[in-house]
Structure formats: C-alpha cells, structure tokens
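Here's the structure, in structure tokens; my notes come after.
Coordinate-derived values only; no laboratory data. For clarity, every value in this text was computed on a predicted model and none was experimentally measured. With ideal geometry, Cβ positions are generated from the backbone for all residues, glycine too; neighbour counts draw on all protein chains shown.
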Amino acid sequence: MRVSEPARFGLLDGRQPEARVSYVVARLERALRGEINERVKPWGLTTLQYTTLSILEHGEQLSNAQLARRAYMTPQSMSEVLEALERKQLVERTPHPTHRRVFPAALTAKGRMVLEACNKAVDELEREMLAGMTPHQVRSLRKGLVSAVRALHAGLPSR
C-alpha cells in the first residue's frame, strides 16, 4: 500500500506538511557549503580548506588524523587539504618530537591573515542568513542546533 505524502508526514487532512527537521538541516548545510565556497574563493580557498584553517585557529598543533576527525573527512582527504594549504604557505607542519610519522599542522602568519579575511566574509554570510530573525530567535536556533549535535554525539562538547 502506497502512503500519500500528507499521511507520511502525519497529516491526513491534506494540509501542507512541514518539512522534516533533518531535511531542512541538510538543505541548509548544502546551501552554506556552497555559499562559503563562493565567499572564500577570492583567497584561493575551498570550504574544506577554510574549515581546516578554522580548526587550527585556536593555536593547537593538530595531526592529520585529529584534523580529519574534527572536519568529518577521511585522513586521505585531509592530507590533500593540508598539502594544498602548505603550498599556499597557510599552514606549516613540523615533525612530532616522539612520533616520527606524525607532522602536526599549525597556522602560519599568512594563514592567520587569510583566515581573518575569510572569517569576515563568512560573518557577513551569517548576517545575511539570519537577517530576518530577532536576536532571541538566533540564540534559540543556535541553542537548538548545538543540542541536536550533542544528542548525536557529533561534537561541540559542553564548556
């Protein structure tokens, strides 16, 4: 038996169903990825490269594996991202003192400058995206999204 769209979403009276939260979040993620890609392109970056720089922003030196986990990428893909960022002189990797095959990455001065410019572009994107919301709605949205991420054990540990 085929279930009609309204019934599938729990509506039997023919009203327009609300989209699933997971669908809306996925659409937003795809739209944001594309928009961020366009906003960081003037600095020669991709969204994945920008994400990697953002992870390194707090001064930690992180291994390829650590960066890959935080960026939800495979270690092989992260290796390619890091190689591109090294060629652009935005990150540097130095040998780990006790693990000869580990080369933690850190931002260079140039990487910090590029990241700062990209952050301004992404800040503007967020302002545009949230322009129709009140500050209270923005705080509620952020709180709800963080709660959902934590419920799925996908990061953002409690402070």
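Assorted remarks:
- Ordering of 107-116, 18-27 by packing is 107-116, 18-27, highest average first (other Cβ atoms within 10 Å, averaged per residue).
- Of 36, 155, 23, farthest towards positive along the dipole that unit charges on Lys, Arg, Asp, Glu beta carbons give the chain: 155
- The fewest-to-most ranking of 50, 72 by surrounding Cβ atoms within 10 Å reads 72, 50.
- Here Rg/Rh (Cα atoms, Kirkwood Rh) was calculated from the structure, and among (i) 1.01; (ii) 0.97; (iii) 1.08 it sits at label (iii).
- What separates the Cα centres of region 128-157 and region 46-103 is a distance of 27 Å.
- Label sites at residue 150 and residue 22, each approximated as a point 7 angstrom past Cα along Cα to Cβ, lie 2.2 nm apart.
- In this structure the amide hydrogen of residue 91, modeled in the peptide plane, comes within under 5 Å of the amide hydrogens of 86, 108, none closer than 5 places in sequence on its chain.
- Of the three principal axes defined by the Cα atoms of region 28-88, the extents in descending order read 28, 25, 23 Å.
- Partner aspartates and glutamates whose Cα lies under 18 Å from the Cα of residue 120, excluding those fewer than 8 positions away in the same chain, are identified as 35, 38, 57, 128.
- Cβ-Cβ FRET estimate between residue 110 and residue 38, R0 fixed at 25 Å, reported to 0.05: 0.70
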